Amino acid sequence: MALNNFPPAIANVIVQVGYLDKYYEEALRAQFGYRDACNREKFEARIGQTKTFSRASALTAKTSPLNPANNSGLDNGLTPSQRSFEQWNAVLNKFADGLDLNIEEETTLIADLFINNEEELAKGAGLTMDYLAAQNMHKAYEAGDTFALAAVENSTTVHVDNGIGFDTQYQLSVLAPSYGLPAPVSATNSIPILVLNGSTGDLEYATNVIGIAFDAPIGTAGGANESNAQTAGVAIGASAVLTLSSEITCSIGDRIVAMDPSASTTVFSQQGMDGSFVLRPNYKQTRYQLAETDLLTYDLFATAKAKLESRGIPKMRNGMYIATVDSLVMSQLYQDDRFNTATMGKWDISPVFTNGVIAKGLGIEFVPANTVPVYTAPGGGFLIRHAMVYGRDALTEYDFQGQRFGVDRVEEEGGQTSVIKWIKGVEFIIQSPLDRMQEVIKSTYKWVGDFEPGTDKSSNPTIFGTTDWCRFKRGIEIEVASAI
């Protein structure tokens, strides 16, 4: 491969087979835990386009024997089942960043600085994608279960901390045999909710959401997203005003839960939730209720694993579920008596200290990450940290197939004034000095794709008696308090 117009020190680095690739690959994996667990799918469409994906449910059990009198015809009296399908959308977006290197100003250190720039650029690419994966994962697995931001009396509207999960509903008229794509809520496509007392958990109201108005995102004109589900300037949650089909009276912190139409609305049941299932210490209902003493325990992970198994969620290919955590959450676990009993006498050999696995019996592999969201508690005074336990296909990465074709064309031409590397779905571009004075090398990373969690609405208690009606079933979020 001929390189045009590159300084010899940099050209030698580029042409050395696998040299830059090693830096890119290692940097893309640095302390990022979400993307590595993603299922990968090719997205054959154009940038900016939306594509619909489908997932089929399992078949229901047949517990009634066939009637011998009906054993006739080509079907022998058997009526074949119809598989239920549900759908979700993915949208191709482009994400990129770059660094410039002035080869005249940095003559003596040019090769080292060039390598360092490329490594930092790859870390930036890895951080970008892992943040995108984390955001979409937590948005889904916090959806449909929130709390009131303000007290209301005899009102048909209520301001909630997070409106995600209350904005769409499956159209009941087309549920047989498939769910399809959920449509925006309306008077004719409402979603049932329960209002629960924030202190006692008692049912106070059963009504329906018939409309929603999200608060404008912070940073936009009039932006005032009041959700406390925000981290590092990025909103995981989106505060909103829900419009209801009947009047309610509630207090700040009262829990508001989206329910499945098939579930009872006279008694609250975790199994009947349409939203996601979140675990908190000491049976706290919402993050509004969390106190500084609500810390991570061994039992929370055991419950999360059991919940995934009860839903029939497949494990990763190593036979375990994954828990993405930050180090401060893990430090709480070491203070838990149940955990210490499980690892007693095995400090030097216990897998938890060598490869992140607590125990074979628990069957969870811990993956540390720097992209796990950290919230400020609604009342202030402490932080709220997270762990996410999930199984196979909890999140899918959709890569733009056309991007790779463009890379191949450039690589085949040779003699180029730019070099393109394709590493783990990310395009790295190194452009030779093309400015007027031929002094600046421009390095860029580019990724085109999307991260989306698929739903499992059609795998419900009519198929597995131990599962539930939640839309998103392949992950369990754990929320705990943290002093630091």
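The values are calculated or read from the model by the stated rules, or taken from the named source; none is laboratory data. Fair warning: this is a prediction, and the values are worked out from it, not measured in the lab. Please note: Cβ atoms are built from the backbone with ideal geometry, for glycine as well, and neighbour counts cover all protein chains shown.
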Of the candidates GLY144, GLY73, GLY124, the one satisfying the condition of being within 30 Å of GLN289 (Cβ to Cβ) and either at pLDDT below 90 or touching a Gly at 6+ places or on another chain (Cβ under 8 Å) (or both) is GLY144
Count, please, the residues in region 285-301 that happen to be loosely packed, with under 15 Cβ neighbours inside 10 Å and under 18 Å from ILE384 (Cα atoms).
3
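Any residue at all in region 317-327 that is modelled with pLDDT under 95, of a type outside the set (A, V, I, L, M) and part of a strand (DSSP E or B)? I'd like the intermediate steps shown before the answer.
Going residue by residue through region 317-327, those that are modelled with pLDDT under 95 are 317-327.
Keeping just the survivors that are of a type outside the set (A, V, I, L, M) gives 317-319, 321, 324, 326-327.
Among the residues that remain, those that are also part of a strand (DSSP E or B) are: 321, 324.
Yes, there is a match, as at least one residue in region 317-327 is modelled with pLDDT under 95, of a type outside the set (A, V, I, L, M) and part of a strand (DSSP E or B).
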Pairs where the first residue, in region 104-128, is in the same structural domain as GLN438 (by TED's automatic domain parsing) and the second is acidic (Asp, Glu) and modelled with pLDDT of 85 or more, C-beta under 8 Å, 6+ apart:
LEU121/ASP97; GLY124/ASP97; ALA125/ASP97; THR128/ASP97
Are any residues in region 194-211 assigned to a strand (DSSP E or B) and of a type in the set (Gly, Ala, Ser), and if so, which ones?
ALA206, GLY211
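Being of a type in the set (A, V, I, L, M) and either modelled with pLDDT under 90 or surrounded by fewer than 21 Cβ atoms within 10 Å (Cβ to Cβ) (or both) narrows it down to one of ALA304, ALA224, ALA229, so name that one.
Result: ALA224 is the single residue among ALA304, ALA224, ALA229 that is of a type in the set (A, V, I, L, M) and either modelled with pLDDT under 90 or surrounded by fewer than 21 Cβ atoms within 10 Å (Cβ to Cβ) (or both).
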Of all residues in region 238-261, count the ones that are more than 13 Å from HIS159 (Cα to Cα) and part of a loop (DSSP other than H, G, I, E, B).
2
